[in-house]
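Following: one structure in structure tokens, then a few remarks.
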Amino acid sequence: MNTERVALFDAHNHLQDDRIAGVLGRVLEDCRHENIHGFVVNGTCESDWPRIADLSQRDERVLPSYGVHPWRVDRCSAAWLDHLRRQLDTRPSAIGEIGLDRWMREPDLLRQEEIFIAQLRLANERQLPVTVHCLKAWGRLLEILQSETPRAGFLLHSYSGPAEMLPRFTQLGAYFSMSGHFAHERKHAQQRVFKEVPDNRLLIETDAPDMPPPSALRPYSLEDAALNHPANLAAIYRFTARLRGLSVDDLATTVAANFKRLFSTAD
Ligand SMILES: [Zn+2]
């Protein structure tokens, strides 16, 4: 089998982003060319959920995921949780991107936790998988996930935590996605962490249009060169395969199985 033709899956991106809206048709074609069969498209706040729903109706590869991102907790309406419930009524798919962020400027941590926990509870009520964003809050994240464990599983996207915490998160049902951002030379410590992620918990993501990989892993570009094209996913697979000493074929087979297991609502 041609290694390039094994189905690829992007565990985390933001195709609804305004910054790629003008070229989305071409971008989706490029993804087809790279044999990308599915993407989890993550919401960040109430205002981008309808665009994601619309995208998922137009392209069967899109798995819509709805949630309030920790950077957006100050923009929620009073009725945000009702809106989220209604959005999930239309297609019960996935909840994300949600979480904790102590890296951002002046985080409102209490509000972040309140909104995060409400969404974790909703995920369990609906038996949906969850995508978690976490920066510089790993200890607190573990505590919260221990008491509010998402029973349908969860993804720690672009996992930047320590290797020592992998077993504890894995025990709770975590998957970990490698992003092209970690392919930069300065991120060698995180590359070592990703060598240790268990085979059956590994996913790959672009986080497009953010988190561009190094230029050698960027065959596709957008007009704004600082942005990340989602078809660069294939290059991130190649990097990860080398990192873990696997063929791209074997990696893609493993990742496809993991993707379908966690995001079984994609079918
Ligand atoms: Zn994201």
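Since every read-out is calculated from the coordinates, none of them should be taken as a lab result. From a predicted model like this one, the values you see are computed outputs, not experimental measurements. With ideal geometry, Cβ positions are generated from the backbone for all residues, glycine too; neighbour counts draw on all protein chains shown.
With N residues in the range 9-109, what two-decimal value do you get for its Cα radius of gyration over 2.2 N^0.38 Å?
Details: Rg = 14.2 Å, N = 101, 2.2 N^0.38 = 12.7 Å.
Taking the Cα Rg and dividing by 2.2 N^0.38 Å, one obtains 1.12.
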Taking R0 as 45 Å and r as the Cβ-Cβ distance between residue 253 and residue 74, the FRET efficiency 1/(1 + (r/R0)^6), rounded to the nearest 0.05, comes to 0.60
Long-range amide H partners of residue 68, meaning residues 5 or more apart or on another chain whose placed amide H is closer than 5 Å, are none
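Exposure proxy check: 172, 84 ranked by fewest other beta carbons within 10 Å? It would help to have the intermediate numbers written out before the result.
Details: 172 15, 84 22.
Arranged by neighbour count, lowest to highest, 172, 84 become 172, 84.
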Quick calc: nm separation of the 7 Å Cα→Cβ label points for residue 199 and residue 186 -> 3.5 nm
Residue by residue through the range 215-227, the couplings from Karplus 6.51 cos²θ - 1.76 cosθ + 1.60 with θ = phi - 60°, in Hz, x for Gly and Pro, are 4, 5, 10, 10, x, 10, 9, 9, 4, 7, 5, 7, 9
Mean Cβ-within-10 Å packing, highest first, puts peptides 53-61, 199-207, 86-94, 218-226 in the order 199-207, 86-94, 53-61, 218-226
The alpha-carbon center of the range 136-156 and that of the range 76-101 are separated, in whole Å, by 18 Å
Note on the chain: C-alpha Rg/Rh, Kirkwood Rh, two decimals, gives 0.93
Between the alpha carbon centres of the range 12-26 and the range 226-267 the gap in Å comes to 20 Å
Cα extents of the range 1-45 per principal axis, largest first, Å, are 41, 20, 9
In whole percents, the bins of 10 Å from zero upward hold the Cα-Cα pairs of the range 86-240 as 10, 37, 35, 17, 1
